[in-house]
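Submitted below is the structure of interest, expressed as structure tokens.
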Amino acid sequence: MTTDKQHTVLVVDDSAAIRTIMKKELEKRGYRVITAADGILGVEAFKLEHPDVVTLDVNMPNMDGFQACAVIRSSVGGLQVPIVFITGNDTLEDRERGFALGAMDFVSKYSEKAWAEAADVVDKVLAKDKKLGGVMAMVVSTRDISLRIMTSSLTRFGVDVIQAKTDEAVLSTLQEKREQLDLVLVDFTTIGLDCFKICDVIRNHLHLHDLPVIFLVAPEHQDMVLEMYQAGITDQIRKPFTQEELRGKIISHLEYRSHIKKLGIEITKNRMILEVADEGIVGVDREGVVNFVNPAAAEMIKLHIGDFVSRYFAEFIAVAETGEDHVVIPHFYERNDGRSVLRKSSGESFPVHFSAAPVRLGKENLGGVIVFNDITRSLQLEQERRDTIKILEQEMNAAGSLQRSLLPKKSDVEAISSLDIGYFCKAYSPVSGDFLIVEEVAENKVAVLVVDVMGHGVKAGLATIRIKTLFDDFKRDYTDPGKLVTQINNKAFTLADNGLFQTVLLAVFDLEQNRVVIASAGGIPPLFYTQATKEMVIHETSGNPVGITQGEDFEVDVLTLEFKQGDGLILQTDGTLECVNNAGLAFDGYLTQATGKAHLGQGKTSQAIVDDIIYDATTFVGEHGFDDDLTLVVVQRG
């Protein structure tokens with residue numbers, strides 16, 4: 001594989017022989033390779049080297065591949081890195097567990113060309129998939145884990161995914177998205193979901209005969225495959241499947257469907273354009289016979305002719321509305337002082353934009369196309385468009401105003417005399433995806449909650465308000481921050497929109513016991529300054545982001561630190577870490593760390609330190625500006 005940038009691959013396996021073979025195979029292809037002998041060393045290497053791809057053995061001492069995968073996913077930069085499992089026990093259960101953790105693919109150690117296949121997978125993972133970008137698929141299953149596996153598999157190829165768990169959800173999506181859907185992927189089951197009914201609706205009721213429908217079929221259902229094809233499926237994939245098998249099947253069926261579509265598109269696209277055009281369009285043949293009238297033309301004639309009774313115009317409208325036999329009509333326009341006009345029965349006229357063009361085949365005149373536009377109606381439509389935009393802007397501003405009203409007030413924060421707290425919150429758009437709570441939950445007990453929702457806009461803003469509401473509901477459990485965050489997650493998971501998640505970091509300061517307890521759900525690791533050592537330490541935290549999973553599958557990382565006189569803590573979202581300048585260089589956490597260390601313990605107020613860090617970041621990005629929400633908090637024990 002030839003690339004402009006040398007990619008780094010981390011190979012984690014407890015077998016020295018396998019590490020050596022994999023290293024040689026990948027280095028032959030131009031990769032930089034680093035190795036680790038178990039899961040713990042692999043996690044350390046990931047945090048130090050930040051590789052582009054990770055391969056993990058499943059069975060290893062100290063920390064197995066699944067555990068290592070979970071820790072990597074919860075580390076900084078770990079959510080997006082592709083992970084490939086190399087396993088000697090390739091079972092359906094292992095694949096489901098791996099895909100649920102975000103694995104990209106599985107490769108069996110016992111394949112004849114296992115190491116070449118593993119390197120091939122690395123090649124394909126790093127190659128951009130152009131064939132599936134923009135494709136929309138509906139995935140169907142009654143099981144959450146199957147939905148996550150199918151969704152994860154498809155989104156890695158650039159596919160937009162809609163999930164459905166019930167017959168009703170499937171039918172609703174088919175009706176609403178029938179024109180946009182390119183594929184239906186169904187986890188076949190005989191319990192809780194009528195898969196054959198889904199096929200019947202697609203083929204016989206909605207008449208979507210060319211929509212690919214692929215069933216994922218477990219070994220125990222293979223005897224039903226013939227019945228599936230008779231019901232109308234396009235293809236079936238036997239579980240457990242590989243990522244490349246799924247991708248190959250999808251591309252094959254989409255390319256076939258594309259060829260079929262192109263034939264119909266070329267025939268209908270011009271008529272579709274004319275049907276939705278704002279201009280009135282009339283087609284006539286060489287005898288002056290009208291053989292096409294689009295809706296805009298029919299509407300203008302009805303609007304402006306009024307009660308004028310004429311067999312010509314009555315028949316003209318009939319053609320537009322019913323498509324019946326064509327009619328001959330007189331000229332319905334005339335020139336008046338250089339203007340185009342449409343004449344009413346009363347003799348009145350109204351201005352139109354008008355043009356006419358002949359249609360010829362060689363020298364033979366086949367007829368013509370007449371185009372006219374009601375200026376009054378055009379102006380009305382433009383005003384309606386502007387009014388709609390204004391209403392949307394007002395709603396966005398109102399939502400942003402509501403969100404800002406829920407942020408901490410400077411006077412309330414300053415009233416917390418036991419701690420010196422400074423903060424900065426700035427939205428990238430009218431409605432922010434970041435949120436901050438600073439609250440004295442009990443005497444000498446202060447909670448600071450930092451939230452970063454994936455994305456921006458109204459949906460992200462609503463998610464932050466939802467977190468604020470849930471915090472108020474559960475803050476009575478402030479003595480156990482891990483439990484509090486878990487309660488917020490479990491409730492948020494049942495309320496959240498599909499695919500919308502948020503990182504959460506909760507710090508509860510107990511000034512009587514001189515400590516701070518930090519519960520992290522995918523949050524940015526805190527920066528801790530100790531007066532005793534005068535050193536700044538990054539405390540790595542893990543945990544799952546809120547809204548992805550619930551119950552026993554949700555993990556929150558809890559950290560307890562001493563917090564004494566002169567100590568300080570910096571909490572933040574990724575807005576400051578990932579901001580870049582015109583040269584494409586990132587400000588990143590090291591500069592934030594250095595800036596914080598330069599000011600903490602120097603007698604400056606927390607707000608002054610926050611202002612200095614934001615000033616440094618603003619100077620760093622320069623004209624490029626910020627492209628994400630910014631939240632930064634400094635807490636000092638005075």
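Averaged per residue, what accessible surface does the range 483-638 expose to a 1.4 Å probe, in Å²?
Normalised by residue count, the accessible surface of the range 483-638 is 42 Å².
Please calculate how many Å² of accessible area the range 144-258 carries per residue, with a 1.4 Å probe and no DNA, RNA or ligand atoms counted.
Per residue, the range 144-258 has 45 Å² of solvent-accessible surface.
If you take the Cα Rg of the range 17-107 and divide it by 2.2 N^0.38 Å, with N the number of residues, what do you get?
So the Cα radius of gyration is 1.01 times the expected 2.2 N^0.38 Å.
With unit charges on the beta carbon (Lys/Arg positive, Asp/Glu negative), name the residue among Leu511, Val485, Leu495 whose Cα is farthest towards the positive pole of the charge dipole of the range 453-523.
Of the listed residues, the answer is Leu495.
Another question about this same structure. Give me the number: length gained by fully extending Lys390 to Lys177, i.e. 0.36 nm times residue separation minus the C-alpha to C-alpha distance, one decimal in nm.
Separation in residues times 0.36 nm, less the Cα-Cα distance, equals 73.9 nm.
What FRET efficiency do you get for Ser417 and Glu227 if R0 is 45 Å and r is their Cβ-Cβ distance, rounded to the nearest 0.05?
Efficiency at R0 = 45 Å is approximately 0.05.
Round to a whole number: what % of the accessible area of the range 462-538 belongs to carbon and sulfur, probe 1.4 Å?
Carbon plus sulfur share of accessible area: 51 percent.
Given 0.36 nm per residue, what is the gain on full extension from Thr469 to Ser15 after removing their alpha carbon distance, in nm?
Taking Thr469 through Ser15 to full extension adds about 158.4 nm, to one decimal.
Would you calculate the separation in nanometres between label points at His209 and Val537, each defined as 7 Å from the Cα along the Cα-to-beta-carbon direction?
Each label point lies 7 Å from its Cα, and together they span 7.1 nm.
Same structure, new question: Would you mind computing Rg(Cα) / (2.2 N^0.38 Å) for the range 443-524, counting N as its residues?
1.11
In the range 151-207, which GluC sites (Glu not before Pro) fall in coil by DSSP and have 16 or fewer other Cβ atoms within 10 Å?
Passing sites in the range 151-207 are Glu179.
Once neighbouring chains are kept in place and the probe is 1.4 Å, which whole percent of the accessible area of the range 10-112 is contributed by carbon and sulfur?
Within the range 10-112, the accessible surface is 51 percent carbon and sulfur.
Can you give me the Kirkwood hydrodynamic radius for the range 505-608, using every pair of distinct Cα atoms, in Å to one decimal?
Averaging 1/r across every pair of different Cα atoms and inverting gives 15.1 Å.
Can you work out the accessible area per residue across the range 400-470, with the rest of the protein chains kept in place, probe 1.4 Å, in square angstrom?
That works out to 43 Å² per residue.
How about the range 412-460: which GluC sites (Glu not before Pro) there lie in a loop by DSSP and see at most 10 other Cβ atoms within 10 Å?
Glu443
Quick check: from the Cα gyration tensor, does the range 29-184 come out rounded (a/c under 1.5), prolate or oblate?
Verdict is prolate for the range 29-184.
The values are calculated or read from the model by the stated rules, or taken from the named source; none is laboratory data. Predicted model, so just to flag it, every value in this text is computed and none were measured. When we count neighbours, we look across all protein chains shown, and the Cβ atoms used for this are built from the backbone with ideal geometry, even at glycine. The protein model used for the area step is the full one, side chains on, heavy atoms only, and it has no ligands, DNA or RNA in it. Shrake-Rupley method; radii C 1.70, N 1.55, O 1.52, S 1.80 Å.
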